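This report concerns only the one structure given below.
The values are calculated or read from the model by the stated rules, or taken from the named source; none is laboratory data. All figures in this text were calculated on a predicted structure; none of them were measured in a lab. Cβ atoms come from the backbone with ideal geometry, glycine included; neighbour counts cover every protein chain shown. We work out accessible area using only protein heavy atoms, side chains counted, and drop any ligands, DNA or RNA first. Shrake-Rupley method; radii C 1.70, N 1.55, O 1.52, S 1.80 Å.
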Amino acid sequence: MQYQRTERSRPVDPPFSPVLLAGVALTPVPPRLLQPLFDGVMAVVRRRHPDILERLSAYPDAVVGIDPVDLPFVLILEPRPDRPRLTVRRDFSDMTTTAVVRGPLSLLFALAEGRLDGDAVFFSRQLVIEGDTEVVLALRNAVDGAGIDLDADFAATLGPLARPLRRVGLVGGRLFDRLSRDMDLIRRALVGQALKGVDAQSARLAELESEVATLRRSLRQRERP
Amino acid sequence: MREAKLTVGPVLFNWRPEVWRDFYFRLADEAPVDTVHLGEVVCSKRQPFFAPHLPEVMDRLTAAGKEVVLSSLALVMSERERDAMRALALDAGDLLVEANDLAIAADLAGRPHMIGPFVNVYNEGTLGYLAGRGARRICLPAELPLETLTILAAEDKAEIEVQSFGRLPLALSARCYHARSHNLHKDGCQYVCGQDLDGMAVDTMDGLAFLTVNGTQTMSSRYANLLGELGDLRKAGIHRFRLWPQSGDMVAVAGLFRRVLDGALDAKEAAGRLADLVPPDVEFANGYVHGREGHAFVA
Amino acid sequence: MAASQSPVELVCPAGTPAALRAAIDAGADCVYLGFRDETNARNFPGLNFSREELAEGVAYAHARGGRVYVAINTFPRAGHPEIWHRAVDDAARLGVDAVILADLGLCDYAARKHPDLRLHLSVQASASSAEAIRFYHEAFGIRRAVLPRVLTVSEIAGLGAAVPVEMEVFVFGGLCVMAEGRCALSSYATGKSPNMNGACSPASHVRYIEKGDKVVSQLGGFTINTFGAGEPAGYPTLCKGRFEANGRLNYLFEEPTSLNTLSILPEMIAAGVRAFKIEGRQRGRAYVANVVRSFRQAVDAIARGETPPDMALEDITEGGRQTAGAYERSWR
């Protein structure tokens, strides 16, 4: 297995989204405070989706970097069968990884839940893969095959907290879905006036809008019966 | 040890009929080879051009003591092609026919014939099955490693032939890439494949020689060269080696292989001389036999 | 849900149990899949079925009126036929509805050992003529042939009249431009081939390199393509790469594109095709559900004598492009 030095050399432009706002809010939070959450996630994976780790058993030494480009931290997945770990860090500095996956959090969530097709997302350049493509593909296939439902998994992670959170739609893909519906409004309220008449920025805005629209369309498709 | 034999495979490229004829005349007169294949393998549209020369070429080769084998088309699709294959099987008489598509296999069943490298023989099950139906000699697909060649030769049910020189056939298609590269359609191809005696070079975006296009066929850019492996192959029980025709001096190429097989020339020295017989930009490959990438060359 | 009165069967891909359930739930008549090893032509990392998963999958499909076909369509490695024999034996034991085979020797084994097992001829066998298909039928009792993607619709119609077996054709997904099962391009560049290892252009030999705004895709160290900012990317399959030939840099073999035959489905049915196959065992279950649902609607519409509705499938195709491929003569 080959390892590479990993830098956040060419971050994907994050889409304008609630996650970005949440990320800004999270910036002062030290990663170690978030670590228990991801320990919980890994415990749920081991308990509820052991098949994911089984499908990754051919890659016991893999170190996969997961970079939600709209959040101020990155994740390190080590699928070692005896002791799988999901570690949260500020960035990849001083790290060697076998592969890195970069994309907006909503996209990573949608992929984890199998709501979006990994190949399609990759073809459309919304997702960036670096390093050992085979490990990434194995991860994608393992996760996709597990039939993950993040709502249910969050419920398992958060225990008694989950139900109230779920009621307000604050977990899983629906969090994004709900909030992004209001994004246009928020954006207009915050920045719309200031950008009026500035052509270049209008173009960028249109791009943002279409990005949100694409994501939204993808999310909508899965809602259909 | 059994006597080693050399085969010259069918010309895979679209050579002008006179060039095609003279190539075989010279093989008949001068080349130290045992067997020569005739017939169009790649594109049925080319067949009519050299067909008129077929009888004289066959006579000349036979008179020179060479065994003549008739090679079939490798991808049989149309009604016309199917009829042509049936006719080939029926009209071959005593000549060995090489089946390069199973379309012709039924017509050859029960009588001695040969299986070409375009039919997938990867294991002893398939080898045994085909041998049981009359396959006497099998030229194996290019991508097999020595381990597999050894196992198949040890079965001793059919004579095993290994592709040992020339651009390796890698893929076939219904689409003509030669025509496509000239903005033409296969039906109106103007026979542009005839412009490239050894096929059309296909380079990567960063300028590496990579593949070769020969009409509907895709081949390696590098020439196979198993001079250095002949010893190991013979120890593995393989005694027949195929040389694919290229536009260079094939008589000289065959001579080098012959002398190495006879122990009259060191393989290393022969390899050096072989390099002088191919175009200067052509590199060699032997990776498949070593279980590596086909383009690799293991010294 | 799966049962339909349609004259054709919808044969859908499943790389994982989740995809199998998605396919059946979306209206697949049959699901095809492979074991998690080198015995099938989609031997991709993290993909495919264990024996237990197959048993569960068969139960799930059968309970809903669906069928399961198991692809054992690589060419057994000399010296190790038992791996492939065991795959056939296990598929038969677990009650699958057919096995899809490509290797002559393996066909011979299956026909002798499991005379009641339904045999389908894989596209990897590259049987492109009536004679070749008849050969497999007479020798091994093959009941259906998956046709190579080299034939036109009119050639398929001619074939249908001449062969005593059902014809299955690919209608959507990845598009081989070479005759399947007879292509060594992948092994030439990487040492791994569809025939021997069950993977074309394997991910282990793929690299994506970000260079400024561009992304360069490499296979086995050879540059296969470069995509500019915003340009849809493709998987670095050799035959969908950009090369320089005849003094021009372009897609010599084929553009990054996906096969889509929605518009010619009625012609296919008229040509005598019995089953429509959707490619994509390596794709996610979102893809499977999406494509299967679309084709279910189309096939049902045709069965009712209606024109199939337009489907927006561009989002999930390679390069965002679609082609009817070799089914139309102009492709050649």
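For the reader, a short list of remarks on this structure follows.
- Set side by side, the residues C:A161, C:A130 differ, and just one is within 22 Å of B:L75 (Cβ to Cβ), more than 11 Å from chain B (Cβ to nearest Cβ) and in contact with a Gly (Cβ under 9 Å, 6 or more places away or on another chain), which is C:A161.
- Any hit, the stretch C:145-164, residues being farther than 28 Å from B:E147 by Cβ, small (G, A, S), in the same structural domain as C:I269 (by TED's automatic domain parsing) and surrounded by 24 or more Cβ atoms within 10 Å (Cβ to Cβ): yes
- Listed conditions (1) in contact with a helix residue (DSSP H, G or I) (Cβ under 6 Å, 6 or more places away or on another chain); (2) open to solvent by less than 30 Å² (accessible area, probe 1.4 Å); (3) in contact (Cβ under 8 Å) with a residue 12 or more places away in the chain are all met by B:L277, apart from (2).
- Among the candidates C:A233, C:A245, residue that is small (G, A, S) and away from chain A (no Cβ under 14 Å): C:A245
- Qualifying residue in the stretch C:73-92 (condition: farther than 22 Å from A:L137 by Cβ and part of a strand (DSSP E or B)): no
- Within the stretch C:268-304, the set of residues being of a type in the set (D, E, K, R) and either open to solvent by less than 10 Å² (accessible area, probe 1.4 Å) or closer than 25 Å to C:A203 by Cα (or both) comprises C:K277, C:E279, C:R281, C:R283, C:R285.
- Enumeration of residues in the stretch C:203-215 that are under 30 Å from C:T74 (Cβ atoms) and more than 7 Å from every other protein chain (Cβ to nearest Cβ): C:H205
- Residue check, C:Y251 open to solvent by 10 Å² or more (accessible area, probe 1.4 Å) and within 14 Å of chain A (Cβ to nearest Cβ): no
- Here C:A98, C:A87 are screened, and the one residue that is within 16 Å of C:E168 (Cβ to Cβ), assigned by TED's automatic domain parsing to the domain that holds C:A145 and in contact (Cβ under 8 Å) with a residue 40 or more places away in the chain is C:A98.
- Residue match in the stretch B:89-107 (condition: over 15 Å from the mean Cα position of the chain (by Cα), within 18 Å of C:A162 (Cβ to Cβ) and either more than 8 Å from chain C (Cβ to nearest Cβ) or part of a loop (DSSP other than H, G, I, E, B) (or both)): yes
- Residues in the stretch B:178-195 that are more than 9 Å from every other protein chain (Cβ to nearest Cβ) and part of a loop (DSSP other than H, G, I, E, B) were compared, and the one that is surrounded by the most Cβ atoms within 10 Å (Cβ to Cβ) is B:C189.
- Options C:L54, C:L10: the member that is outside any strand (DSSP E or B) and either farther than 23 Å from C:V291 by Cα or open to solvent by less than 10 Å² (accessible area, probe 1.4 Å) (or both): C:L54
- Matching option when the condition is over 20 Å from C:N48 (Cα atoms) and surrounded by fewer than 23 Cβ atoms within 10 Å (Cβ to Cβ), among A:R83, A:R48: A:R83
- Scanning the stretch C:97-120 for residues that are of a type in the set (A, V, I, L, M, F, W, C) and under 16 Å from B:G125 (Cβ atoms) returns C:V99, C:L101, C:A102, C:L104, C:L106, C:C107, C:A110, C:A111, C:L119.
- Failed item in (1) among the hydrophobic types (A, V, I, L, M, F, W, C); (2) modelled with pLDDT of 60 or more; (3) open to solvent by less than 40 Å² (accessible area, probe 1.4 Å); (4) farther than 20 Å from C:R21 by Cα, with A:A162 passing the rest: (2)
- Scanning the stretch B:108-143 for residues being in a loop (DSSP other than H, G, I, E, B), out of contact with any Asp or Glu (no Cβ under 8 Å at 6 or more places or on another chain) and closer than 28 Å to C:L185 by Cα gives a total of 5.
- Test for B:R222: is it in contact (Cβ under 8 Å) with a residue 12 or more places away in the chain, within 19 Å of B:E143 (Cβ to Cβ), open to solvent by 10 Å² or more (accessible area, probe 1.4 Å) and in contact with an Asp or Glu (Cβ under 6 Å, 6 or more places away or on another chain): yes
- Consider the stretch C:94-108 and keep the residues that are more than 14 Å from every other protein chain (Cβ to nearest Cβ) and not in a loop (DSSP other than H, G, I, E, B). The one that is surrounded by the fewest Cβ atoms within 10 Å (Cβ to Cβ) is C:A98.
- Just one residue in the set C:L259, C:L265 is part of a helix (DSSP H, G or I), open to solvent by less than 10 Å² (accessible area, probe 1.4 Å), in contact with a helix residue (DSSP H, G or I) (Cβ under 9 Å, 6 or more places away or on another chain) and in contact (Cβ under 8 Å) with a residue 24 or more places away in the chain; that residue is C:L265.
- Options C:A59, C:A28: the member that is among the hydrophobic types (A, V, I, L, M, F, W, C) and surrounded by fewer than 21 Cβ atoms within 10 Å (Cβ to Cβ): C:A59
- Test: C:T307 is buried (at least 18 other Cβ atoms within 10 Å of the Cβ) and among the β-branched types (V, I, T): no
- Filtering the stretch A:111-122 to residues that are facing chain C (nearest Cβ under 8 Å) and either open to solvent by 20 Å² or more (accessible area, probe 1.4 Å) or over 20 Å from C:P232 (Cα atoms) (or both) leaves A:L111, A:G114, A:R115, A:L116, A:D119, A:F122.
- Residues that are touching a helix residue (DSSP H, G or I) at 6+ places or on another chain (Cβ under 8 Å) and open to solvent by 30 Å² or more (accessible area, probe 1.4 Å) were ranked within the stretch A:93-110; the one that is nearest to the other protein chains (Cβ to nearest Cβ) is A:F109.
- Residues of the stretch C:69-95 that are touching a strand residue (DSSP E or B) at 6+ places or on another chain (Cβ under 8 Å), closer than 14 Å to C:S50 by Cα and among the aliphatic types (A, V, I, L, M): C:V70, C:A71, C:I72, C:A87, C:V88, C:A91.
- Residue within the stretch C:42-54 that is more than 25 Å from C:A179 (Cα to Cα) and more than 11 Å from every other protein chain (Cβ to nearest Cβ) present: yes
- Identity of the residue in the stretch B:32-62, open to solvent by 70 Å² or more (accessible area, probe 1.4 Å) and touching a helix residue (DSSP H, G or I) at 6+ places or on another chain (Cβ under 6 Å), that ends up farthest from B:I138 (Cα to Cα): B:F49
- B:E98 acidic (D, E) and touching a residue at least 60 places away in the same chain (Cβ under 8 Å): yes
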